[in-house]
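Here is the structure we will look at.
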Amino acid sequence: MARPDNSINTQKSLNGVDLFKFICAFFVALLHLHFLENEAPAASFWLTQYLCRLGAPYFFVAGGYLLFRGTDPDHFSMERPLRYIRKVLRIYLIWTAIYFIPTLAYQILPAQNPGRMLLFWLRDTVFVGSYTHLWYLNASIFAVLLISLLLKRGKSLGFILILSGLLYCVGLTGQAYYVVWTPVRENLPGLWTVLDAFKWIIPTTRCGLFEGFFLMSLGLYTAVNQPKLNLSKTCGLFVLFMALWAGEVWLVNSGGWNKAQDMYIFMVPAVLFFFRISLLLPLKDRPVYKELRESSMLIYYIHLFVFVCSKKFFATVWGDTPDTVLRFIIVMGITYALTLAIKKLSRTEKFRGLSILFK
């Protein structure tokens, strides 16, 4: 396997990554808070089911790149991956505990069978993710562990990409291309019953095995084999694949093929060139980029907690037809204020422990 090309692995080149992480954190928030849902449904659809879907995949590709850059695959060590897994697991467990409060209040206790709902939550915590957006942490742990074990066993990068790519294709059939299962459901009900039973273990293919594994493997590939494309060509390819992805989203949704919106074919090259743009941006070193990097993760973790905790307020003010634009502004305003407060407090002696929330 080729040794990593470190020609782009400078701190200056990573300023673009920090900037794009911040942008992608807002993409994720826009996706969850349904910006423009009432005011402009069509715009809301293309914003949340297309553009903002770049957010989580970007974090996966960037995570794979940042973790494995500078790694010599021929003499692979588990030290860095295990450190990464321990850190992400700690953050995942902390935010799982925080989000258990709204989960208990709004999902488990109001259910007809709270015990059964609690078991589902425990299953999701292990196999998928304990809360809507925390699946990314769960999936990252699984993906990094799987990639690292394969590298440790001497598997080539080509083998990892093929294996993870095949699993991504399987995952597509549980997402945008759920229609492929129609003949099985209609003509082979016995086989479908067996296959459908797997949803009790892994209820969605939006997980580390089917999505995170492939996207983080692409991050590893980018770290080891830097494409020889300049910024203008990379932007052109990004625009091309975004256009193809838009056509795919329209086709899938108009045909009613999909079960969910998380995984698409052309999303993969689109996010890969999106990440490449962030590597190539000629941004000078400034302290603001470190601030953006730390803020991006706190925004990612906090925004849904603020939203869920303010649901009763929104219901009281707007009833069943909330002003989604103003709601978004309020939630993100509080989220960003909490983000700045946590960062500032974590730099003091008394509240240094708050840094475990994001690093």
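The values are calculated or read from the model by the stated rules, or taken from the named source; none is laboratory data. Because the structure is a prediction, the values reported are computed rather than measured. Heads up, the Cβs are rebuilt from the backbone with ideal geometry, glycines too, and the neighbour counts pull from every protein chain shown. Areas reflect the complete protein model, heavy atoms only, side chains present, ligands, DNA and RNA absent. Shrake-Rupley method; radii C 1.70, N 1.55, O 1.52, S 1.80 Å.
Would you mind checking the pairs 152/199; 155/359; 21/311; 21/343 and listing those with alpha carbons more than 21 angstrom apart? Present the calculation step by step, with values, prior to reporting the outcome.
Working: 152/199 31 Å; 155/359 31 Å; 21/311 27 Å; 21/343 17 Å.
From the list (152/199; 155/359; 21/311; 21/343), the Cα-Cα distance tops 21 Å for 152/199; 155/359; 21/311.
For the range 127-271, state the average projected area of the convex hull of the C-alpha atoms over all orientations, rounded to one decimal in nm².
Approximately 10.2 nm², given one-decimal rounding.
Run the accessible area of the range 89-207 with a 1.4 Å probe and give the carbon-and-sulfur part as a rounded percent.
On the way: 4480 of 6230 Å².
Here carbon and sulfur together make up 72 percent of the probe-accessible area.
Within 10 Å, count the other beta carbons around each residue, average over each peptide in 203-211, 233-241, and list them highest first. If you can, show how the numbers build up before the last one.
Values: 203-211: 22.3, 233-241: 16.3.
Listed from highest to lowest mean packing, they are 203-211, 233-241.
Please report the base-10 log of the normalised intensity I(q)/I(0) for the chain, using a Debye sum with one equal scatterer per alpha carbon and no solvent, at each q in 0.08, 0.10, 0.11 (1/Å).
Listed by q, the Debye log ratios stand at -0.42, -0.67, -0.82.
If you plug each phi of the range 36-49 into the Karplus form 6.51 cos²θ - 1.76 cosθ + 1.60 with θ = phi - 60°, what whole-Hz ³J(HN,Hα) values come out, in order, with x for Gly and Pro?
6, 4, 8, 6, 8, x, 5, 5, 4, 4, 5, 6, 8, 9
Using a probe of 1.4 angstrom, how much of the accessible area of the range 301-359 is carbon and sulfur, in percent?
On the way: 2320 of 3420 Å².
Here carbon and sulfur together make up 68 percent of the probe-accessible area.
Residue separation times 0.36 nm, minus the C-alpha to C-alpha distance between residue 119 and residue 72: what's the value? If you can, show how the numbers build up before the last one.
Working: separation 47, 0.36 × 47 = 16.92 nm, distance 4.21 nm.
Extending this stretch completely gives an extra 12.7 nm.
Using only the alpha-carbon atoms of the range 52-166, report the extent along each of the three principal axes, biggest first, to the nearest angstrom.
54, 29, 28
When all C-alpha to C-alpha distances in the range 224-308 are sorted into bins of 10 Å, what percent of pairs does each bin hold, rounded to whole numbers?
The calculated distribution, bin by bin, is 14, 28, 34, 21, 3.
So between residue 356 and residue 188, what do we pick up on full extension, going 0.36 nm a residue minus the alpha carbon distance? Numbers along the way, then the final one.
Working: separation 168, 0.36 × 168 = 60.48 nm, distance 5.02 nm.
Taking residue 356 through residue 188 to full extension adds about 55.5 nm, to one decimal.
Output needed: percent of Cα pairs per 5 Å distance bin for the range 303-356, bins running from 0 to the one holding the longest distance.
Computed distribution, short to long bins: 4, 19, 22, 17, 12, 10, 8, 5, 1, 0.
Just to be sure I understand the model, the point goes 7 Å from the Cα along the line to the Cβ. What's the resulting residue 229 to residue 257 distance in nm?
Each label point is offset 7 Å from its Cα along the Cβ direction, giving 2.3 nm.
Mind listing the phi-derived Karplus ³J(HN,Hα) values for the range 319-334, rounded to whole Hz, using 6.51, -1.76 and 1.60 with θ = phi - 60°, and x for any glycine or proline?
The phi angles translate into x, 8, 10, x, 6, 5, 5, 5, 4, 4, 4, 5, 4, 6, x, 5 Hz.
If we restrict to alpha carbons, what Rg and Dmax does the range 245-355 come to, in Å?
19.4, 58
Rank by packing, highest mean first: peptides 342-351, 123-132, 48-57, with packing defined as the count of other Cβ atoms within 10 Å averaged across residues. Write down the numbers at each step before the final one.
Values: 342-351: 12.3, 123-132: 17.6, 48-57: 21.1.
Ranking the peptides 342-351, 123-132, 48-57 by packing returns 48-57, 123-132, 342-351.
Heavy-atom accessible area per residue, the chain, 1.4 Å probe: how many Å²?
For the chain, the per-residue accessible area is 47 Å².
In sequence order, what are the phi-derived ³J(HN,Hα) couplings for the range 80-85 according to the Karplus relation 6.51 cos²θ - 1.76 cosθ + 1.60 with θ = phi - 60°, rounded to whole Hz, with x for glycine and proline?
Couplings: 5, x, 5, 4, 4, 4 Hz.
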